Every structure is written in structure tokens, then in C-alpha cells.
Amino acid sequence: QKLFHSIKKKKGHRMQQLRWLTSRKSTMSLRAKRAVYVHCIAPIWLYGVQVWGIASKSNYRRIQVLQNRALRQITNCPWYVRGSTLHRDLNMHTVEEQIGRHTSRYSDRLQRHQSSLARGLLPARPLRRLKR
């Protein structure tokens, strides 16, 4: 819980710092604004994403909301445009897709690692979340 709160705080602070670049009054192209997001803002929440595999869906949704807000600010689109449309048009992955990609890459790297200690970090069987 504290981790996601600190991510939200850091990302909000960074968006505020870069508002002059990404706001609707900015004369930068959409491509350049997307690059600013990908290189300056997204790494804040992507750091350590490999270990979020057991995080709850509500925490994923919190980060997704922040990403949608940032993309809306960048594109200056109206409120009624769907988030999925934004992601498709900007060729961006959703938070859940990013987490899945990074987690699978991380586990693949661990499986191929030369050290048996590193391979021991992988669970013997996949974790199963119980439904309430």
C-alpha cells in the first residue's frame, strides 16, 4: 500500500515538473510529448514492477488511472475518449500488460541464469490467488 502511494506521489510530482512540456499550450509535437512520458514519467512506476505479480487489482487500477491522466494531458483529449482508445492511438501498453511483460521477462532471465541460487528464486509452482 505504501509503495503505491509513494509511486503516485512521485509520478504526480514529475508530471507537475514537466507540465510546461506536456500541457495543451505546449507547442511540442504529440510524438515528442509521448517520448517525454515514456522516458521521464513511465520509469517511475516501472521500477521494480517485476515483483508486483502478487499485488491486488486495485493497486494496478490506481497506477492505470495515473497513466490515463498523463496520456489525457499529453493529447489534450476530452473526458469522453476511452482510455483504451488513447493507448491504441499512442501505441502504449496498459499497466497490466506492462507488468505481465516485465514479469515474464524477469522469470525467463532467472530460468536461464547460470547461478543455481538465482534459479532458486523462482517459485516451484505458480502462486495462486484465492478469490474472495
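The values are calculated or read from the model by the stated rules, or taken from the named source; none is laboratory data. Keep in mind that this is a model prediction, so the values were computed, not measured. Using ideal geometry, Cβ is built from the backbone for each residue, glycine included, and neighbour counts are taken over all protein chains shown. Side chains are part of the model used for accessible areas, which takes the heavy atoms of the whole protein and leaves out ligands, DNA and RNA. Shrake-Rupley method; radii C 1.70, N 1.55, O 1.52, S 1.80 Å.
Please go through the range 9-29 and give me each residue that is of a type outside the set (S, T, N, Q) and without any contact (Cβ under 8 Å) to a residue 24 or more places away in the chain, ordered by number. Steps first, answer last, please.
The first filter runs over the range 9-29 and keeps only residues of a type outside the set (S, T, N, Q), leaving 9-15, 18-21, 24-25, 28.
Of everything in the range 9-29, those that are of a type outside the set (S, T, N, Q) and without any contact (Cβ under 8 Å) to a residue 24 or more places away in the chain turn out to be Lys9, His13, Leu18, Trp20, Leu21, Lys25, Met28.
Enumerate the helices (runs of 4 or more DSSP H) found wholly within the range 17-108, keeping only those where 2 or more residues are loosely packed, with under 12 Cβ neighbours inside 10 Å. Walk me through it before giving the result.
On the way: elements: 19-22, 30-36, 42-46, 57-75, 83-90.
It comes to 57-75, 83-90.
In the range 1-16, which residues are open to solvent by 70 Å² or more (accessible area, probe 1.4 Å) and part of a helix (DSSP H, G or I)? Result: Lys2, Leu3, His5, Lys8, Lys9, Lys10, His13, Arg14, Gln16.
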